[in-house]
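K.L.:
Encoded as structure tokens, here's the structure I'll be asking about.
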Amino acid sequence: MDSTPRPTHLADLVAAAAARHADHPALVDAATGATLSWAELDATVSAESRRLTDAGLTAGDRAVIRCASGPAVAVAVLGALRAGGVAVPVPPGDVAAVVAHCAPRLVVTDGPEPVPAAVTVVGPPDLDARAEPVTAVGGGEDIALLVYTSDARAVCLSHRAVLANRAQAAALRPAPVTPVDRVLLAQPLFHSYGLAAGLFQVCWAGATAVLPGPGRPDPEELADIVARHRVSGLAGVPSTYRALLELDPHELRTALAGLRLCTCGGVPLPRPWATAFQEATGHRIVEGYGLTEAGPVVTSTPIDGVASPGSVGHPLPGVELRLLDGDGRLLATPRAAAAPEAPEHEAEPAAAEPLGPEANGDEPAADPAEVDAAAPDDRPHSGSGAGATDVRATASRVATDVRAVAERGVAEFRAVAERSVAEVRAAAERSVAEVRAAADRVRVGDPVGDMIDDAQDVEGPADPTSDAGHIALRGPNLFSGYWPGRTGGPGPDGWFVTSDMGFLDGTGALHLVDRSPDLVVVSGFTVYPHEVERVLAELPSVADAAVVGVPDERTGHAVRAVVVRAPGAALDDDAVRAHCRTRLARFKVPAQVVFVEELPRTAAGRLARHLLAERATQT
């Protein structure tokens with residue numbers, strides 16, 4: 001049995017990696033070529049911890065970190081954590097608002113920042129500084145990170161939550177990051193994807209993080225970094241992979257030949273982009289779903305296997321997921337949706353508390369003696385001693401067999417029922433088409449025909465999103481509420497209801513539909529923007545697309561598609577709507593199509609849908 005102490009502090013991951021692989025590269029600055037080994041990084045983090053302590057940082061104080069250099073951000077975050085502080089990484093331009101909101105003790109920055117005089121401002125860490133080991137302060141349930149989301153909420157992540165999520169991700173097989181991997185972190189470290197799922201996962205494994213220079217690298221630079229630094233793992237968002245497809249296919253395949261794993265998060269990856277990338281490079285993209293409040297990874301498609309088409313995979317070991325309706329009631333979901341148990345021990349490294357049944361919210365198995373004692377007093381007695389034990393054992397085996405048969409029967413019934421529903425829907429659609437055609441032959445504008453149109457508008461083609469619900473999560477990786485006050489976190493039962501919506505297929509894989517605030521309601525019927533965007537992405541002439549709702553006097557809201565044409569493509573709004581009419585119910589077809597040069601995105605590469613919504617309201 002592995003007796004290695006389980007780290008309870010994020011900064012201890014660096015010390016553990018240094019103890020195992022002192023001379024192994026830890027951080028590589030792709031802009032300068034400078035490299036820090038794990039031993040050097042550990043000593044530099046200790047030096048930064050002493051510097052911040054001398055500047056006045058004490059346990060529980062917030063340290064806002066705004067640096068352009070990726071290695072500087074990594075050292076500043078780890079140094080603040082080792083000193084017992086709460087690291088608050090922020091993107092450019094957000095410092096003043098964040099300082100006003102979280103009231104930090106100090107700001108670590110490489111440029112002039114407008115902050116109140118009461119807040120201490122220090123420069124970026126010295127990456128050449130070294131110091132003797134410093135014992136990390138705090139850990140466990142102490143807040144380690146304040147991470148600001150796109151809707152300006154500050155998520156409180158404890159050491160416990162982030163470490164638990166690293167253990168959950170490391171439990172996947174094959175492991176997403178191993179000690180021999182060189183991982184290009186194409187996402188900024190002020191985002192939970194780049195920081196927790198990226199940098200801290202590298203720290204967990206004792207691998208090597210390759211950090212690009214300031215700003216978002218263009219496709220040529222990204223491909224060059226992969227080839228030049230022998231990158232084996234690439235972590236990106238959909239726009240990362242879409243941008244790479246702009247390169248010459250032969251050059252792209254050559255540059256990415258050394259990759260072992262490509263992962264994608266942030267938002268669902270359009271199927272055409274994933275297919276085109278695999279055809280161009282030979283690499284399949286592993287998708288996942290996550291959110292900052294979950295530390296951040298929730299699901300993953302198989303790393304070495306076949307994914308359920310269109311899904312973002314199954315929950316990580318130790319993560320529970322269920323779907324709720326608008327009133328908070330549990331939706332019926334396939335039994336396969338239950339998350340597998342996390343292995344009790346990890347081979348490399350041992351870095352978090354084992355995820356046992358209690359950690360997953362499961363009830364411990366009942367003791368047979370307790371079950372026997374709790375039985376009604378007037379039950380038939382079957383003797384005592386070994387005889388009674390044999391009877392109980394036999395009864396248990398029979399009960400198990402019966403339960404297995406029952407479960408197989410339920411699964412078969414569900415499969416038959418699903419096929420029947422599909423056949424009924426298909427027949428109904430054929431009937432609607434035949435009746436409409438007959439109505440058209442009688443006369444145009446027939447009220448009966450209009451009623452049929454309305455019926456199809458409501459029902460549309462057979463659509464699994466009709467079973468979508470709000471995604472609820474439970475697990476040791478969940479956050480501790482929002483700053484200030486740690487409000488809005490998981491409930492007393494440990495469940496946290498997200499703003500995301502999805503449905504589960506027959507394998508238990510999650511399919512994302514949309515965020516509930518982004519839904520468009522047309523004449524009382526719900527349109528999921530992501531569903532329409534997925535259809536728009538099927539057009540080869542569409543390089544990028546987004547959907548928002550706009551006010552409409554007749555229907556309340558209408559669907560607007562904002563489209564970026566592919567280079568050299570000739571595409572008009574009639575062609576866009578014509579394609580959508582073949583794939584969507586009529587009320588989901590965009591009433592407006594607007595062409596733009598590019599879509600607004602956040603510094604992390606995610607679609608800034610709120611900006612599109614604001615512009616749509618103003619026009």
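The numbers here are math on the coordinates, done by the rules we state, and not lab data. The structure displayed is predicted, hence computed values, not measured ones. Cβ: placed from backbone, ideal geometry, glycine included. Neighbour counts: every protein chain shown.
K.L.:
Measuring from label point to label point, each 7 Å out along Cα→Cβ, what is the Asp128 to Arg230 span in nm?
P.N.:
Taking the two extended label points, one gets 2.7 nm.
K.L.:
For the range 70-151, what is the relative contact order in percent, using Cα pairs closer than 8 Å and at least 6 residues apart in sequence?
P.N.:
This gives 42 percent for the range 70-151.
K.L.:
Pull out the extension gain between Gln278 and Glu598, defined as 0.36 nm times the separation in residues minus the alpha carbon to alpha carbon distance; nm, one decimal.
P.N.:
Result: 112.8 nm gained on full extension.
K.L.:
List the trypsin sites (Lys or Arg not before Pro) within the range 189-285 that DSSP assigns to loop and that have no more than 15 neighbouring Cβ atoms inside 10 Å.
P.N.:
Answer by residue number: Arg230.
K.L.:
Can you put Val122, Val231 in order, fewest other beta carbons within 10 Å first?
P.N.:
Ordered from fewest to most neighbouring Cβ atoms within 10 Å, Val122, Val231 come out as Val122, Val231.
K.L.:
Restricting the count to DSSP beta bridges whose residues both fall in the range 12-315, what percent are antiparallel, rounded to a multiple of 5?
P.N.:
30
K.L.:
Another question, if that's okay. As an exercise, use a Förster radius of 30 Å and the Cβ-Cβ distance of Arg329 and Arg271 to find the FRET efficiency, rounded to the nearest 0.05.
P.N.:
After rounding, the FRET efficiency stands at 0.40.
K.L.:
Rounded, prolate or oblate, given the Cα gyration tensor of the range 12-315, with a/c below 1.5 counting as rounded? Working shown, then result.
P.N.:
Working: a/c = 1.67, a/b = 1.58, b/c = 1.06.
Prolate shape, in that a/c is at least 1.5 and a/b is the bigger ratio.
K.L.:
Let's test the formula: R0 of 22 Å, r as the Cβ-Cβ distance of Ser541 and Ala591. What FRET efficiency results, to the nearest 0.05? Mind dumping the intermediate values first?
P.N.:
Numbers: r = 20 Å, r/R0 = 0.91.
So the FRET efficiency works out to roughly 0.65.
K.L.:
Neighbour counts of other C-beta atoms within 10 Å: give me Leu611, Leu584 arranged from fewest to most. Don't jump to the answer; show the numbers that get you there.
P.N.:
Working: Leu611 15, Leu584 21.
Result, fewest neighbours first: Leu611, Leu584.
K.L.:
For the range 12-315, build the charge dipole from Cβ charges (+1 Lys, Arg; -1 Asp, Glu) around the Cα centre, then report which of Ala129, Ala74, Thr109 sits farthest towards its positive end.
P.N.:
Ala74
K.L.:
Continuing with the same structure: Please rank His530, His250, fewest neighbouring Cβ atoms within 10 Å first, as an exposure proxy.
P.N.:
Going from least to most buried by this count: His250, His530.
K.L.:
Which value, in debye to the nearest 20, gives the size of the charge dipole of the range 43-182 about its Cα centre, when Lys and Arg are +1 and Asp and Glu are -1 at the Cβ?
P.N.:
It works out to roughly 340 debye.
K.L.:
Can you tell me how much longer the chain between Val180 and His24 gets when fully stretched, taken as 0.36 nm per residue apart minus their C-alpha distance, in nm with one decimal?
P.N.:
Full extension of this stretch gives 55.2 nm more.
K.L.:
Sticking with this one: For Cα pairs less than 8 Å apart in space and 6+ apart in sequence, what is the mean separation divided by the residue count of the range 12-315, i.e. the relative contact order in percent?
P.N.:
Values: 649 pairs, mean separation 48.1, N = 304.
Reported relative contact order: 16 percent.
K.L.:
If a/c stays under 1.5 just call it rounded; otherwise compare a/b with b/c (prolate if a/b is bigger, oblate if not). Do that for the range 208-286, with a ≥ b ≥ c from the square roots of the Cα gyration tensor eigenvalues.
P.N.:
rounded
K.L.:
Moving on to the next point. Taking the simple approach of a point 7 Å from Cα along Cα-to-Cβ for both Thr555 and Asp572, what is their distance in nm?
P.N.:
2.2
K.L.:
Test of understanding: what is the full-extension gain from Ala100 to Asp248, defined as 0.36 nm times their sequence separation minus their Cα-Cα distance?
P.N.:
Result for the pair: 48.6 nm of gain on full extension.
K.L.:
With both partners inside the range 20-124, how many of the DSSP beta bridges are antiparallel, as a percent to the nearest 5? Numbers along the way, then the final one.
P.N.:
Details: 3 of 14 bridges.
If we restrict to bridges inside the range 20-124, about 20 percent are antiparallel.
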